[in-house]
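Have a look at the structure below, then the notes.
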Amino acid sequence: ERLEALHREAGDPGQTLRLAETLAERRPGDWRIAAFLAEVALAAGSRERADRWIDRLAGLQPGSAPLDLLLCRRHLAFGFDSGQVRQRTERVSGVCRWGAAYRCRRCGEELETFVWRCPACRGWDTLG
């Protein structure tokens with residue numbers, strides 16, 4: 001919220017971007033700052049900076065809705081680059097879960113929904 005207020009007050013996306021990057025150096029694990037910086041970089045027309053912050057967001061929040069939205073906005077702003085899409089897809093695919101959402105740590109049974117007791121081995125609190 002503070003970053004958005006700063007952005008509105010400054011009126012200059014380049015200046016806001018520089019100030020927010022200083023904040024990001026102090027808090028490198030904050031995905032919200034990375035998402036904001038990617039958004040501001042897109043507004044400023046800075047492809048290199050937008051890509052850098054989108055990549056950081058991909059490392060902090062892979063497969064997230066903010067990442068998907070920023071990737072779509074990036075492609076609308078700068079065009080479609082199949083090499084970058086392939087690279088990012090491979091990166092995100094490596095951390096996305098495909099298949100069953102839960103697996104029993106005791107017997108390996110896979111389930112789509114969470115239950116406290118595994119139906120296969122009858123173990124309590126074994127799904128993860």
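The values are calculated or read from the model by the stated rules, or taken from the named source; none is laboratory data. Nothing here was measured: the structure is a model prediction, and the numbers come from that model. In this analysis, Cβ positions are derived from the backbone assuming ideal geometry, glycine residues included, and neighbour counts consider all displayed protein chains.
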Matching entry among Arg73, Arg117 (being charged (D, E, K, R), at pLDDT 80 or above, touching a strand residue (DSSP E or B) at 6+ places or on another chain (Cβ under 8 Å) and surrounded by 10 or more Cβ atoms within 10 Å (Cβ to Cβ)): Arg117
Residue list for region 82-109, filter: at pLDDT below 85 and of a type in the set (Asp, Glu): Glu90
Any hit, region 45-68, residues being more than 20 Å from Arg86 (Cβ to Cβ), touching a residue at least 12 places away in the same chain (Cβ under 8 Å) and touching a Ser or Thr at 6+ places or on another chain (Cβ under 6 Å): no
